1. Over the whole of B:30-39, what's the average partner chain Cβ count within 10 Å per residue? Rounded to a whole number, please.
2. Quick check: the distance between the Cα centres of the range B:198-245 and the range A:433-477, to the nearest angstrom?
3. Assuming 0.36 nm per residue, please report the length gained on full extension of the stretch A:LEU207 to A:LYS280 beyond their Cα-Cα distance.
4. So the label point goes 7 Å from the Cα of A:ALA91 along Cα→C-beta, right? Which residues of the range A:186-228 then have their backbone N under 11 Å from it?
5. Seen from all sides and averaged, what is the projected area of the convex hull of the Cα atoms in the protein assembly as shown, in nm²?
6. Can you list which of the DSSP-assigned H helices in chain B have a Cα extent of 18 Å or more along the long axis and an average Kyte-Doolittle score of at least 0.5?
7. HN-Hα J couplings of the range A:471-477 from phi, Karplus 6.51/-1.76/1.60, θ = phi - 60°, integer Hz, Gly and Pro as x?
8. Using just the Cα positions, wrap the range A:134-212 in a convex hull and report its mean projected area in square nanometres, one decimal place.
Amino acid sequence: MAAPMLRWCCPGRRFAFARVGCGSCHRRGPPTGSTSNGKRGQSSVAQQPHITAQKPRKGEPEWAAVVGLEIHAQIASNSKLFSGSQVCFAAPPNSLVSFFDASLPGTLPVLNRRCVEAAVMTGLALDCHINRKSLFDRKHYFYADLPAGYQITQQRLPIAVNGSLAYSVYVGRKPSQMVTRTVRVKQIQLEQDSGKSLHDDLRSQTLIDLNRAGIGLLELVLEPDMSCGEEAATAVRELQLILQALGTSQANMAEGQLRVDANISVHRPGEPLGIRTEVKNLNSARFLAKAIDYEIQRQINELENGGEILNETRSFDFKLGFMPEPNLPPLLLYDSGSLPSGADPQQVINIDQLRERLPELPRVTRQRLVQQYGMLPEHSCVLLNEVGLLEFFQNVIKETRAEPKKVTSWVLNTFLGFLKQQNLAVSESPVTPSALAELLDLLDRKAISAPAAKQVFEELWRNEGKTPAQIVAEKKLELLQDPEALEQLCRSTLEAHPDVVMDLKRGNPRAINKLIGLVRKATLGRADPTAIKEVLERQLSS
Amino acid sequence: DLGQITPTELCQRCLSLIKKTKFLNAYITVSEEVALKQAEESEKRYKKGHSLGDLDGIPIAVKDNFSTSGIETTCASNMLKGYVPPYNATVVQKLLDQGALLMGKTNLDEFAMGSGSTDGIFGPVKNPWSYSKQYREKRKQNSHSENEDSNWLITGGSSGGSAAAVSAFTCFAALGSDTGGSTRNPAAHCGVVGLKPSYGLVSRHGLIPLVNSMDVPGILTRCVDDAATVLGVLAGHDPKDSTTIQDPVKPFTLPSLTDVSKLCIGIPKEYLTPELSSEVQSLWSKAANLFESEGAKVTEVSLPHTSYSIVCYHVLCTSEVASNMARFDGLEYGHRCDSDVSTEAMYAATRREGFNDVVRGRILSGNFFLLKENYENYFVKAQKVRRLIANDFVNVFNSGVDVLLTPTTLSEAVPYTEFIKEDNRTRSAQDDIFTQAVNMAGLPAVSVPVALSSQGLPIGLQFIGRAFCDQQLLIVAKWFEKQVQFPVIQLQELMDDCSSVFENEKLASVSLK
């Protein structure tokens, strides 16, 4: 997938205005005045002078922005949170609606075990405390796409609390200037998604699709520990990778499986936090970064011009009523120590068991790549950020004898370059990992030269079903293996170009390259330039 | 005794009685075709010797707030007039699976909000005892001058249709629902057994809710054994209702108790209220004496938080009502107004047209209690009081009491004209006084008819048991029922030809072929 995500591993693609306040003086303790939060200590302070639209006035400190996020991730599950309806993107309208989803009177919610497990796994991956007992509540709204008139959520006692999410951002212009930052995860709660309303203004009708109504969501509340759009977008991207690694959400923003609301305020460092505003329903990381930075700038401008920040979206939240959901008993979770004896394994969830089942998390994968293959941290980032690229890389590594560094270079430069150029996803690549592995093997055992390898790759990309070996044979690209033939070719080249030899003897160091080029031409590109140089030099000095 | 008859014959007799007693207004929908078809199926089974059990071929009725697949389910509300559910409530399905014949859907107060069965869009239910020989003779003696017909009695409610249906022999058992006494109250007024099982013992799936945390499907029958038989069919875990117990439930057979000397009967002193009629009070103490004289230990106990129950119930009930009723917006099902100015205008008009004043009043109160600024002061406090009320019972049962004995209602049934002098809320608050705390605590309770009042009207007493000790409760109730020998309602004038065959008719006496 080549969606225009914010790619913080490619400095060239950063957005200039994403640096508003970023990595500057904003990294400070929680707004409540407590500065002793250990997790925040991991944040680093960047040296780079930051760019703000508004130059600070004399004697006044600069503006600092505070950004918190509320993220809704659709749980990857075959059925909905409280009903047996199937979950499927882009199904015909109202084709996946159970009696419960349509809120037929008398229907009751039945909690989907898979969704609970997904919440626990996500909580564990984010270092949360998993509540052994959590509760469900009704949150009331009158929306046409919320058939029951309330959403079942976890207001009072959510399933997981007090976690953290670490992410890396660039603070300088060089890719190596990466620092790890941490945002606190306040809570993770299970809740129902709503349906969708379509407003037909022409006929003044509202059409409602309930396919989405009742799908399980994880609501993740990230504390306002971020200070600009880029940080927020990067944190979201990291969360996305974690959810995808866990398999708890497909987290595809374009399909609405990951939806982000941001709350934003600006203030002068040392002064109390400003009034928050919200930016809602952002459906790509890039727009998220843009929208946040735009809002930060808007607030700064507003305040600089003597205006005030008004909160439009929050005022009505206060009126919403909550009530305990009476149809669902408290959700109880166990660990191996507290598991009731003789409990039906189908009826209980063991946190320890889920912890054992946790896959490798992106952070660990990146560390492993760096250690195992000696690649640069930013390269490990690129491998993870591109959907399917890591798997492709690992499949090539498995099948080739070529050096990991060589593989990394080929995958990240040549392969990814071709993909980008044609705007293709890894899964759409015409070159398979095996083909690339075979090609790299040929290169590794010096059967072909590096330039010839590039040529073979281009042929492979055209996807005519040929193997690298076939292409090499057809195009006669194999290196000249016969030393006697090379000696012969070199000798005849020297004899045929006495002027170049003279030039060389007069002291022009570049003349040797011309000779090498001539020999390569004579070998139809099949000889290794270093080998040619060696033979030529020996023949010239004899 | 019926002698041997076929399910179809039995069904037809009940259908004919339903027609004869149509003026009682007990049924909203009579599912004649469905019942006859079911009877036919049942008859085939009997012929093959493959009866499904005690309920195969037995006519039953279901309160019109239980979803019945393909049969209109109205809750006696304009909001659901014409609503035909696509599924059966679990309890309905379980009865059908046992071969029971569904005669129809019974009348109630709109959305079960009431204690008279007078406040539904289909009009009030009339108490069959209004037309009984027993009551009429007493009235003649007392030589009242009022017009006989205008002086009919209410059934109590909100399951008045079910109570009347059972009382008038139109079916053998009926489902009611019980949130604050809605099954036990009309059972007492109509002279039938009304059982409210433990919360969580019987599935609520398909019961259109009033207060989810208190609602329980109720069972109305003409004797305790029949109630136990029906409970045996209904009880148990339902994967569609997460609040039902996980443990398997054993069949409910009731041994006849011969010795009550090991029993401890508690008499809650707070239930002796000034409003209690002297006749009910006297029957209550007679009942206590009966237990004592037979060797049971009878002891006065205290449920100190009883007096807070009514106001606590009001807050919790209206809050849940406000929440539960939010779904009736005219979009997916039910009534929708003609206005299409805007979605909001459509909601408002739909709900104004769809709900009666009682329902709208409770929604309004509930929304007030659920407001963010009020939530702590009302809802949370009421929940705490509810816990205290529940703990009262726990303490009493921990002190060694097996069963509590209380009145079910303050007095016998009153005439409709009398009843409507007070508004629904006042009536509900008064009438639920002995029954509602039980729902707060989730306990099983049963109202058993005891005797006729001086006016010739039935009076019931209530037994309250430990949570999930429904069987023990029913064993005690059965013993008591046997001692008091409550008279059979005499509806000869009403029934003419049919009546004799139905006299004293209970499940055990039916012999189907």
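1. 0
2. Value for the Cα centre distance between the two parts: 74 Å.
3. 24.1 nm
4. A:210-213, A:215
5. Taking the Cα atoms of the protein assembly as shown, their convex hull projects to 59.0 nm² on average.
6. For chain B, where a helix must reach 18 Å along its axis and average at least 0.5, the hits are B:309-324, B:357-370.
7. Karplus-based 3J(HN,Hα) across the range A:471-477 equals 4, 4, 5, 4, 8, 6, 9 Hz.
8. 9.3 nm²
The values are calculated or read from the model by the stated rules, or taken from the named source; none is laboratory data. Fair warning: this is a prediction, and the values are worked out from it, not measured in the lab. In this analysis, Cβ positions are derived from the backbone assuming ideal geometry, glycine residues included, and neighbour counts consider all displayed protein chains. Calculation scope for accessible area: heavy atoms of the full protein, side chains included, ligands and nucleic acids excluded. Shrake-Rupley method; radii C 1.70, N 1.55, O 1.52, S 1.80 Å.
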